[in-house]
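Below is one structure, written out as C-alpha cells; comments come after it.
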Amino acid sequence: MNALSWVIGTAVLWVLKSIGTIPLAKLLFNSFGNPEPAPPPPVESQMPPSEDVAISQAASRRVQIPTIYYIMADVAVMGIGGFLLGLISNSFFIGISLRARDWPGMLVFIAASLIGSLF
C-alpha cells in the first residue's frame, strides 16, 4: 500500500459526500422523516426587504439533516463507491475524515474497497 491510495481514498470520500451522500440523505429525510411544514409565502410589501432580512430568510430555508439519515445515506453511498473503486482498480483505498458522523461511511468505504479488490 502506498501513500497515493490515502490521497485518492480521501479525495473519493469528499467527492462522494458532495454528490451522493448529502442528496441521498436529504431524500431519505424528506421521504421518511418528519420535515417542518413549509413556511407561508411571504407577504408582498411596498418596501423591498433589507439585505439582513433576505440573509436570515435564506438561512432559515436550510434543512438540518438528522444524523441517522446522514449515516444511513453515507454507509450506502460509501459501500457502493468503495466496492466499485476496489473492483475497478484491483487495489484498496483508505480515506480520512475528521468528523465523527463520517466514520461509519469511511469504515464501510475501506472495507468495501478491500472486498472489491479481492474479487
Fill in: Condition met for LEU24 (more than 23 Å from SER5 (Cβ to Cβ), at pLDDT 85 or above and not β-branched (Val, Ile, Thr))
yes
Discussion item. Condition first: modelled with pLDDT of 65 or more, touching a Ser or Thr at 6+ places or on another chain (Cβ under 9 Å) and closer than 28 Å to PHE109 by Cβ. Can you find one or more residues in segment 27-40 that meet it?
Written reply: no
Fill in: Qualifying positions in segment 87-119 - closer than 19 Å to THR21 by Cα, in contact with a helix residue (DSSP H, G or I) (Cβ under 6 Å, 6 or more places away or on another chain) and in a helix (DSSP H, G or I)
ARG101, PRO104, GLY105, VAL108, PHE109, ALA112, SER113
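The values are calculated or read from the model by the stated rules, or taken from the named source; none is laboratory data. All of these numbers come straight from a predicted model, not from anything done at the bench. Quick reminder, even Gly has a Cβ in these numbers, built from the backbone with ideal geometry, and neighbours come from all protein chains shown.
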